[in-house]
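In what follows, a structure is listed as structure tokens, so that the remarks can point back to it.
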Amino acid sequence: MTSMLTTPTRLRKSREASETRFKWFGRGAIAISLAFLVFMVGSIILQGKGALTTSEIAVTVDLSAENIDPNDIEATSFDSLMKKSLRETFPEVTSRGDKRKLYGLLSVDLGFELRDHILADPSILGGPQKLWFTASDDADLVISGSVDRDLPEDERRMSDLEISWLETLENNDSVNRHFNSKFFTNGDSREPELAGILSALMGSLLTLSVCFFVSFPIAILAAIYLEEFAPKNRLSQFIEVNINNLAAVPSIVFGLLGLAMLLNTFGLPRSTPLVGGLVLSLMTLPTIIIAARASLRAVPPSIREAALGMGASPVQATFHHVAPLALPGILTGTIVGMAQALGETAPLLMIGMVAFIADVPTSIVEPAAALPVQIFLWADASERAFVEKTSAAIIVLLVFLVLMNLLAIFLRKKFEKRF
Amino acid sequence: MNNVVTEMPEATSVQNTPAANKTPIFTAKNVDVYYGAKQALDKINLDIPRNKVTSLIGPSGCGKSTFLRCLNRMNDLVDICRVEGDIQLEGQDIYAPEVDVVALRQHVGMVFQKPNPFPKSIYDNIAYGPRIHGLTSSKSELDDIVEWSLQRAGLWKEVSDRLQEPGTGLSGGQQQRLCIARAIAVRPEVILMDEPCSALDPIATATIEELIDELREKFTIVIVTHSMQQAARVSQRTAFFHLGNLVETGPTKTLFTSPEDERTQNYITGRIG
């Protein structure tokens with residue numbers, strides 16, 4: 001009796017073999033995609049972590065009345081004072097070229113930093129003070145170890161002489177590394193050590209807000225009308241096909257449209273989140289419409305019938321019953337669309353959001369950068385230190401995306417209802 | 001009385017119709033229904049008597065559900081559906097252009113094949129109709145309607161302590177009684193039931209059948225059913241549909257014991273269907 005159920009027949013063997021094969025193919029596929037993900041995120045984090053810390057160099061500055069008039073601080077030439085202090089720290093440096101290299105250990109903003117130190121705490125005036133200043137990008141790379149000091153001299157940007165100065169400073173406890181808050185509070189800069197992500201982050205935030213407030217209401221109304229009220233005829237089919245096609249139009253085309261229509265015809269201010277948001281909402285619209293229609297269609301018709309059978313008007317049935325049930329799906333679709341818009345670069349290039357913007361925008365009509373464009377700009381920059389900045393900006397963009405997706409999951413859970 | 005459909009009367013105006021009123025509440029004359037080019041119903045003439053249960057029986061696809069859905073114009077939802085002929089509720093053409101469908105459906109409620117409570121609380125399920133039709137002016141009035149409806153639907157004892165729980169959490173039979181309670185909450189004159197027990201087990205079915213019998217005092221009921229036993233148990237009049245035609249109509253007992261038409265005979269003996 002048992003043999004009938006247990007004997008391994010040829011059919012059974014081949015069936016089991018194919019099941020095992022499929023299981024391993026599936027696991028392999030997942031392993032490969034996970035490996036890609038780990039590789040991508042890992043390499044970005046490894047490269048970008050350097051940008052999250054920054055180096056400072058301490059310089060003793062004589063702040064006595066001889067150099068700074070306590071009654072008229074602004075009259076001081078902070079730059080020359082800093083250079084003088086550096087020369088005094090390394091009195092052996094005499095030639096013009098070496099002096100320039102010496103000044104190059106610190107960021108070009110050294111004069112401003114000195115002024116900020118004094119204005120923040122005027123009590124330091126009156127005598128020599130050891131103050132901390134941002135190291136230049138090249139010095140930072142050496143200090144952090146991103147550039148190997150043992151490389152042959154002609155393969156690195158810092159000469160042996162400069163490295164010897166840095167080592168002297170290190171031995172005097174005049175070098176430290178700490179979290180790079182400037183990266184999150186500064187706008188873009190030509191100098192990598194001063195460049196920050198805030199202007200791009202704000203630009204993206206403002207652009208996405210415009211995009212959301214323009215595309216969400218229009219898309220929802222369009223989707224609800226098309227799905228619940230529009231007569232099903234040639235015209236509505238034609239519109240449907242066109243909306244689907246719109247979702248597949250390359251984004252740069254929308255950028256050109258924005259350039260031609262919004263900037264040239266309507267004369268809206270270029271490089272601004274207003275224009276960026278409008279162009280991105282052209283792209284987001286079809287995504288949201290398609291997602292919203294799909295989730296409206298997924299609401300069981302019995303709910304509609306129940307409401308209409310109760311004597312609810314079609315609008316009441318839609319807004320009291322169908323739309324609330326479709327809301328989780330609509331919100332998910334919206335956030336997917338917004339996430340796409342967040343990562344979109346090409347259309348923003350067309351409407352001038354690729355400009356160098358150092359100021360943090362505070363309104364939608366001020367010029368602004370956006371995160372992906374900032375990444376593009378930094379990836380294109382020649383300074384070695386911008387490599388780290390690029391990866392750090394990518395990390396910021398990814399964190400932004402993850403937060404948006406978490407929001408989507410949260411909203412879906414909150415509004416989900418069983419029926 | 002005359003303008004039940006075009007004007008929204010007080011909720012109770014037609015409710016107190018004397019039981020002695022022998023005029024039919026619905027009269028259908030020469031009703032043709034087409035789905036696109038296909039004819040689904042052919043020259044249907046049928047009167048629905050007041051305060052009785054009328055059952056519509058027949059094999060699948062015979063048009064009985066189509067006819068039921070003509071009575072509260074649910075067929076309007078189907079784009080390709082076209083209704084011709086004359087259907088009168090209390091002497092008024094319900095397909096006349098000035099008719100407000102919303103008011104019509106308030107007077108002619110419906111219970112569907114599959115229980116379809118809203119994914120809201122039991123209370124809100126019942127309160128929805130009175131709210132949108134503006135039947136109540138205060139919370140306590142609404143509470144009364146909810147209690148009255150659940151009492152009439154025989155559900156009050158089971159759910160009175162959990163009115164705020166979702167209606168979708170009830171059992172199938174309870175959900176269907178909730179749908180009946182929801183339908184009667186707006187005090188309709190007629191309740192249409194489209195195979196209300198086909199998704200339920202025999203015990204839940206028996207409960208609903210008893211309920212239908214009780215509701216007959218206050219409401220006129222039209223029920224579509226696949227089960228001839230059910231038609232025999234709950235209805236006073238039966239109409240037999242076959243291939244889009246109304247073959248025979250009469251008192252339930254007569255129709256089941258001595259049918260006039262051969263097709264009816266064949267159907268009730270199980271030879272067609």
May I ask you to say which residue of A:351, A:357, A:394 is farther than 16 Å from residue A:194 by Cα, more than 12 Å from the chain's Cα centre (by Cα) and among the β-branched types (Val, Ile, Thr)?
A:351
Six or more apart or on different chains, Cβ atoms under 6 Å: show the pairs whose first residue is in segment B:257-273 and outside any loop (DSSP other than H, G, I, E, B) and whose second is of a type in the set (Lys, Arg).
none
Does any residue of segment A:171-183 turn out to be among the aromatic types (Phe, Trp, Tyr) and surrounded by 21 or more Cβ atoms within 10 Å (Cβ to Cβ)?
yes
I'd like the residue in segment B:219-237 that is more than 14 Å from the chain's Cα centre (by Cα), polar (S, T, N, Q) and under 17 Å from residue B:192 (Cα atoms) and, out of all such residues, is modelled with the lowest pLDDT.
B:227
State which residue pairs qualify: first residue facing another protein chain (nearest Cβ under 10 Å) and free of Cβ contacts under 8 Å to residues at least 24 places away in the same chain and inside segment B:118-133, second residue part of a helix (DSSP H, G or I) and surrounded by fewer than 20 Cβ atoms within 10 Å (Cβ to Cβ) in any location, beta carbons under 6 Å apart, and separation of 6 or more residues or different chains.
B:132/A:316
Only one residue in B:99, B:108 is within 14 Å of chain A (Cβ to nearest Cβ), aliphatic (A, V, I, L, M) and within 24 Å of residue B:195 (Cα to Cα). Which one?
B:108
Check on residue A:272, away from every other protein chain (no Cβ under 14 Å), in contact (Cβ under 8 Å) with a residue 40 or more places away in the chain and out of contact with any Leu (no Cβ under 9 Å at 6 or more places or on another chain):
no
With (1) part of a helix (DSSP H, G or I); (2) touching a Lys or Arg at 6+ places or on another chain (Cβ under 8 Å); (3) of a type outside the set (S, T, N, Q) as the list, and residue B:221 as the residue in question, which single condition is left unmet?
(1)
Log entry, pairs with first residue in segment B:172-189 being without any contact (Cβ under 8 Å) to a residue 60 or more places away in the chain and assigned to a helix (DSSP H, G or I), second being crowded, with 24+ Cβ neighbours inside 10 Å and among the hydroxyl-bearing types (Ser, Thr, Tyr), beta carbons closer than 6 Å, six or more apart or on different chains, reads B:181/B:149
Picking from B:211, B:215, B:246, which residue would you name as being over 25 Å from residue B:27 (Cα atoms) and buried (at least 19 other Cβ atoms within 10 Å of the Cβ)?
B:211
Within segment B:47-80, which residues are among the small types (Gly, Ala, Ser) and away from chain A (no Cβ under 14 Å)?
B:55, B:58, B:60, B:61, B:63
Failed item, numbered, when residue B:162 is tested on (1) within 14 Å of another protein chain (Cβ to nearest Cβ); (2) outside any helix (DSSP H, G or I); (3) not aromatic (Phe, Trp, Tyr)
(1)
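Quick grid of which residues meet (1) buried (at least 22 other Cβ atoms within 10 Å of the Cβ); (2) away from chain B (no Cβ under 14 Å); (3) of a type in the set (A, V, I, L, M):
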site: A:284; (1), (2), (3): yes, yes, no
site: A:310; (1), (2), (3): yes, no, yes
site: A:321; (1), (2), (3): yes, no, no
site: A:333; (1), (2), (3): yes, yes, no
site: A:339; (1), (2), (3): no, yes, yes
Every residue from segment A:170-188 that is part of a helix (DSSP H, G or I) and over 18 Å from residue A:148 (Cα atoms):
A:171, A:182, A:183, A:184, A:185
Specify which of the listed residues (A:231, A:192) is closer than 30 Å to residue A:381 by Cβ and at pLDDT below 90.
A:192
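The values are calculated or read from the model by the stated rules, or taken from the named source; none is laboratory data. Keep in mind the model is a prediction, meaning the values are calculated, not measured. Cβ atoms come from the backbone with ideal geometry, glycine included; neighbour counts cover every protein chain shown.
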